[in-house]
Amino acid sequence: MPYDLTRRGVLGGAAALGPVIFTRNAWSQGKSIQVGIWGGPQGEFIRKNVLPAFEKEFGCRVLAEEGATLGQISRLRATKESPKYTVMFVDDLGVEICKREGLIDPLPKDMMPNLTKVFPRFVYFDGYGVALAISTGGIFYNPKATAPLTSYGQMWDPRFRKRLSLVSTKNTPSVFVVIATAALVTGKPLAEAQYLSDQAWGKLAELKPNVLNLYESNNAAVFVAQGEGDIGGIEYSKYVYPYTLQGASIDMSFPKEGAFAGVNCQVLVKGAPNQDLGAAFMNYMLDPKVQQPMSEFSLAAPPIEGLTFKPDIAKLLAYPLAKMEEMALFSPDWAYVNTVRPAWIEKLNQIFVA
C-alpha cells in the first residue's frame, strides 16, 4: 500500500509532522458571505447579537444589507447572472416569487439540522424557504376610545367615521383588507374568500367615509394611540406591541374571522458563493439560542417548537402551535395572490386614493 491509512499510521504521521491544532469549524475559517436582512427592530437585533456571535463561532465574516421583501427580490434579480448574496431574508410572499423566477435553491436539509424543529406549516414551497418569525395581523385600537373589535365588519360602524387609519396599498397587509372584506360579504372563511375578491369592491367602497388616512409607516399605531384615530389596520402585531409595552394607549384585536400571518423567511440564493457557510448561517438562525431572544426582542413568534416565554411576552405571541390554531392564523395562497395583487392595488387606489 502506498499510504498507511490505519489509525496508528495516521497518528504516527501526524506526530512526525509536529503538534496538530484542531480548530472548531475549521472549514469555515476566513470565508465570507453577503446576506440581505430586514430593517427595523429585527434587523437591529441581528446586527448586534446574531452576526457577531456567528462570526466568532465560525471564524468568518458576514456582510449584511438591510431591506424589505420587494427590494431584496430586486437585488436578486439584478445579480442573478453573477450571484452576490448567499442568504436573503424575504417574507413568505417573496419565497413564491423567488422560486418561480429561479432565484433560489432548495434548502440544504442535510446541512440544516434545526429544520427538524420547525413546524411543518412554516417550511414553504416544497422546501425552498423557511420561516424565521411570525407576526400576527389584525386591527389595532385605542382602548380609551373603543373596545376590541370582534369582527372585521365593525370597521364599517358609523361611530368610526373619519376615525380609521387604513393601511396603504404600498404595504402587504392591504391585501388582507381585500380578503377580510370578501369573507364578510360571502360568509366564506378566509381560505376560500381570497379567491372571491370580485365580491369585495362594493363593500370596500362603503368603507371610505370611515377612512381618516392611509398610512405607510411602521409607527402608524402612535397616531391612534395619541387619539388622532380610534382604530387602524390591518397591521402586524410586531409594529404595535412595542408601543403597548411602553405604556401607550394601543392594543391589538384579532377578529373572529381569523388573524393573518405575517411571516419573515430566509432563502438560499441560487448558485451563490459559499453556500455551505450560508447553510450554517440559516441553521444558526433557527437555533433556539437565537430564536428565543429574537422573539422576545421583536415580539414575533418563533417557527420552532419547544420554547417557553414569560407571561408578559407569551400573551403577545401567536405561540405555541395550539395558540396559532386557536387564533385561526391564516396565510394566503401567495402563488395566487401574487398574480392578482397588482389588480387589487389598482382597485384599492381607485376607491381610497382617487
### Degrees between helix 174-186 axis and first principal axis of the chain (Cα, 0 to 90, nearest 10)
50
### Query
Expressed as an acute angle from 0 to 90° and rounded to the nearest 10, what is the orientation of the C-alpha long axis of helix 69-78 relative to the principal long axis of the chain?
50
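Compute the convex hull volume of the Cα atoms of region 185-228, divide it by the residue count, and report the result per residue in Å³ as a whole number. Numbers along the way, then the final one.
Details: hull volume 5.4 nm³, N = 44.
In region 185-228, the Cα hull volume divided by residue count equals 123 Å³.
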## Note on the structure
Subtracting the Cα-Cα distance of Glu305 and Thr186 from 0.36 nm times their residue separation yields 39.3 nm
### Query
If the cut-off is 12 Å between C-alpha atoms, which aspartates and glutamates fall inside it for Lys188, apart from same-chain ones fewer than 8 positions away?
Glu257
### Query
Can you give the direction-averaged projected area of the convex hull of the alpha-carbon atoms in the chain, in nm²?
21.6
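Assigning unit charges at the beta carbon (Lys, Arg +1; Asp, Glu -1) and nothing else, what dipole magnitude in debye, to the nearest 20, does the chain show about its Cα centre? Before the final figure, lay out each step's value.
Details: 35 positive and 33 negative charges, 78 e Å.
Dipole magnitude for the chain comes out near 380 debye.
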### Query
Using the 10 angstrom Cβ neighbour count as an exposure proxy, how do Thr79, Thr172 rank, fewest first?
Thr79, Thr172
### Message
Would any residue of region 242-276 have its amide N under 13 Å from a label point 7 Å out along Cα→Cβ of Glu101? List them or say none.
### Response
270
### Query
Put +1 on the Cβ of every Lys and Arg and -1 on every Asp and Glu Cβ in the chain; which of Ala131, Ser28, Pro242 then has its Cα farthest towards the positive end of the dipole?
Ser28
### Task
Report, as a whole number in µm² per second, the diffusion coefficient that Stokes-Einstein gives for region 28-97 at 4 °C and 1.567 mPa s using the Kirkwood radius over alpha carbon pairs.
101
## Note on the structure
The answer for the net charge of residues other than Thr150 whose Cβ lies under 14 angstrom from its Cβ, with Lys and Arg +1 and Asp and Glu -1, is -2
### Message
Taking the Cα centroid of region 38-64 and of region 231-260, what is the distance between the two, rounded to the nearest whole Å?
### Response
28
#### Entry: Given Lys109/Lys310; Lys117/Lys323; Lys144/Lys203; Lys48/Lys80, the pairs whose alpha carbons are separated by over 21 Å
Lys109/Lys310; Lys144/Lys203; Lys48/Lys80
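If r is the Cβ-Cβ distance from Arg77 to Asp126 and R0 is 22 Å, what FRET efficiency results, to the nearest 0.05? Walk me through the numbers before you get to the answer.
On the way: r = 21 Å, r/R0 = 0.98.
Using R0 = 22 Å, I get an efficiency of 0.55.
At 0.36 nm per residue, and after removing the present C-alpha to C-alpha distance, how many nm does the segment from Lys256 to Asp333 gain when stretched out fully? Intermediate values should be presented prior to the final figure.
Values: separation 77, 0.36 × 77 = 27.72 nm, distance 2.01 nm.
Taking 0.36 nm per residue and subtracting the Cα distance, the gain is 25.7 nm.
How would you rank Val178, Val290, going from fewest to most other Cβ atoms within 10 Å of each one's own Cβ? Present the calculation step by step, with values, prior to reporting the outcome.
Working: Val178 26, Val290 22.
Fewest-to-most ranking of Val178, Val290: Val290, Val178.
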### Query
To one decimal place, what orientation-averaged projected area in nm² is obtained for the convex hull of the Cα set of region 239-328?
7.5
### Query
With labels modelled as points extended 7 Å from the Cα through the Cβ direction, what inter-label distance (nm, one decimal) is found for Ser151 paired with Lys323?
2.7
### Query
Which part of region 271-314 falls in the paramagnetic zone of Thr116, meaning amide N under 20 Å from the point 7 Å along Cα-to-beta-carbon?
279-292, 303-308
### Summary
Taking every other residue with Cβ under 14 Å from the Cβ of Ser174 and scoring Lys and Arg +1, Asp and Glu -1, one gets -1
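What does the charge count around Lys84 come to, taking other residues whose C-beta lies under 14 Å from its C-beta (Lys +1, Arg +1, Asp -1, Glu -1)?
+2
To the nearest 0.05, how large is the calculated FRET efficiency for Lys56 and Arg161 if R₀ is 45 Å and r is the Cβ-Cβ distance?
Values: r = 56 Å, r/R0 = 1.25.
Efficiency, rounded to the nearest 0.05: 0.20.
Quick check on region 281-350: what are the equivalent-ellipsoid semi-axes from the Cα gyration tensor, as sqrt(5λ), descending, whole Å? Please list the in-between numbers first.
Details: eigenvalues 193, 50, 29 Å².
Working from the Cα gyration tensor, I get semi-axes of 31, 16, 12 Å.
Neighbouring Cβ atoms within 10 Å as the yardstick, rank Thr86, Thr69 fewest first.
Thr69, Thr86
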### Task
For Glu216, put the label point 7 Å out on the Cα→Cβ axis and report which residues of region 138-167 keep their amide N under 17 Å from it.
166-167
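Bear in mind that the values in this text are calculations on the coordinates, not laboratory data. Computed from a prediction, not measured in an experiment: that's the story for all the values here. Backbone-built Cβ (ideal geometry, glycine too); neighbour counts: all protein chains shown.
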